[in-house]
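The values are calculated or read from the model by the stated rules, or taken from the named source; none is laboratory data. Keep in mind that what you see is a predicted model, and the values were worked out from it rather than measured. Reconstructed Cβ throughout: ideal geometry from the backbone, glycine too, with neighbour counts over all protein chains shown.
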Amino acid sequence: MRTSAQAFLDSPNKRVTLLGMSGVGKTRLANIMRDENWFHYSVDYRIGTRYLDEPILDNIKLQANQVPFLRELLRTDSIYIGNNITFDNLKPLSSFLGMLGNPEQGGLPLPEFKRRQQLHLDAEVAAMLDVPSFVEKARTIYGYNNFLNDASGSFCEIDDAKVFEQLAEQTVFIYIEADSSDQEFLIERAARDPKPLYYREPFLDEQLQAYQQEKNISYVTQIDPSDFVTWVFPKLFRSRVPRYKALAEQYGYTVSARDALAVETADEFVELITKALD
C-alpha cells in the first residue's frame, strides 16, 4: 500500500511485506520482529507445510522405498515419515525442488524438474494469496496487531498482477536492495554452496540451451547439477534485480541492504520504513 510516514507511524495495525533476493536479510529482520510481538508470516514455511507437504512426503517415501528395510516398515505401517519444516529449516522444501541434471549425482530429469518447478510456483502464488486471511487471523485469533510478510527470494518471478495488487492493498512493500558489492558477495556465496532454485520456465529454457552449448553437452542427464546452479545463479540474480526494482517503483519503497543489516530492534525497523516512506 502507498502511505505516508506519519500514517504508518500512527497506524495501530502495521502490515509490511519484505521483498528481495535470498540472503539480503529478510528473515533476519522477520526473526527480530517476531521476538518483538509482530506476527511473522513466512511464505516459504507456508509453501512447505501447506501446499507442498504431500509432494514433499511422497518424494521422501519414494526414496525410502528404495531401501528394502525401510520399504517393509512403511508398507506395514510400522513407521511413519513426517516433515520437520521450521522457519529456520526449510531443507525438506529445498530437497524436493531439487537440481537439474545427472541422476547419479542427485539430479532430476528435465520433465520431473519442470513439474516440481510448476508445483512450487503454484504453491507460492497460493501462499501469497493467503496473506489477507492471515492478517485477520494474526489480529483476531493470535492477538498480533502488527504483521510481517517474509516473501521468498523468487517472489518477483510471479507473472500475475493480481497477486501483487492484492498484497499491495494489504501491506506496505519494502524492497531490500543489495548494492553492487552486496550482489557480488551473494553470488560468490551461492557459488560456494549451490542450492536448488526456482526459475521461470522461459528463463530456464534459454539458459539451459546456452549452458549445453558452452559446455558441449548434448543431454540434460550429462549435466553436473551443482555446476549448472553455480553457472546459472549470477544470471538468475541479475535477471531478478530489474523485476524487483519494477515492483518497488510501482507498489512500494526501497531500503538498502546495509541499512537493513543495521536494524536490531522493532523501533529501528519502524524507523527504517518511515525513512523510506518519506
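What to note about this one:
- Candidates ARG75, ARG71, ARG50 - the one that is in contact (Cβ under 8 Å) with a residue 40 or more places away in the chain and among the charged types (D, E, K, R): ARG50
- THR254 vs. criteria at pLDDT 95 or above, within 30 Å of LEU272 (Cβ to Cβ) and either in contact with a strand residue (DSSP E or B) (Cβ under 8 Å, 6 or more places away or on another chain) or not in a strand (DSSP E or B) (or both): yes
- Being surrounded by 17 or more Cβ atoms within 10 Å (Cβ to Cβ) and in contact with an Asp or Glu (Cβ under 7 Å, 6 or more places away or on another chain) holds for only one residue in ALA257, ALA276, ALA248, and it is ALA257.
- Within the range 44-80, being surrounded by fewer than 13 Cβ atoms within 10 Å (Cβ to Cβ) and either part of a loop (DSSP other than H, G, I, E, B) or in contact with a Gly (Cβ under 9 Å, 6 or more places away or on another chain) (or both) holds for GLN66, VAL67, THR76, ASP77, SER78, ILE79, TYR80.
- Pairs with Cβ under 6 Å, 6+ apart, first in the range 139-156 and in contact (Cβ under 8 Å) with a residue 24 or more places away in the chain, second assigned to a loop (DSSP other than H, G, I, E, B) and aliphatic (A, V, I, L, M): GLY153/MET21
- Apart from one condition, LYS137 fits all of (1) surrounded by fewer than 17 Cβ atoms within 10 Å (Cβ to Cβ); (2) touching a helix residue (DSSP H, G or I) at 6+ places or on another chain (Cβ under 6 Å); (3) modelled with pLDDT of 95 or more; the exception is (2).
- Considering residues of the range 177-194 that are touching a Lys or Arg at 6+ places or on another chain (Cβ under 8 Å) and outside any helix (DSSP H, G or I) only, the residue surrounded by the fewest Cβ atoms within 10 Å (Cβ to Cβ): ASP179
- Taken over the range 196-230, the criterion of being of a type in the set (S, T, N, Q), out of contact with any Pro (no Cβ under 9 Å at 6 or more places or on another chain) and touching a residue at least 40 places away in the same chain (Cβ under 8 Å) is satisfied by GLN222 alone.
- Scanning the range 81-102 turns up one or more residues that are over 30 Å from GLN166 (Cβ atoms), in contact with a strand residue (DSSP E or B) (Cβ under 9 Å, 6 or more places away or on another chain) and not in a loop (DSSP other than H, G, I, E, B).
- Evaluating MET99 against the criteria (1) buried (at least 18 other Cβ atoms within 10 Å of the Cβ); (2) free of Cβ contacts under 8 Å to residues at least 60 places away in the same chain; (3) touching a helix residue (DSSP H, G or I) at 6+ places or on another chain (Cβ under 7 Å) leaves one unmet condition, (2).
Here is a yes/no grid of residues against (1) under 17 Å from the mean Cα position of the chain (by Cα); (2) surrounded by 18 or more Cβ atoms within 10 Å (Cβ to Cβ); (3) assigned to a loop (DSSP other than H, G, I, E, B):
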site	(1), (2), (3)
ILE174	yes, yes, no
PHE203	no, no, no
GLN213	no, no, no
VAL232	no, yes, no
PHE269	no, yes, no
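- Unique residue being at pLDDT 95 or above and under 16 Å from LEU277 (Cβ atoms) when the list is LEU29, LEU19: LEU19
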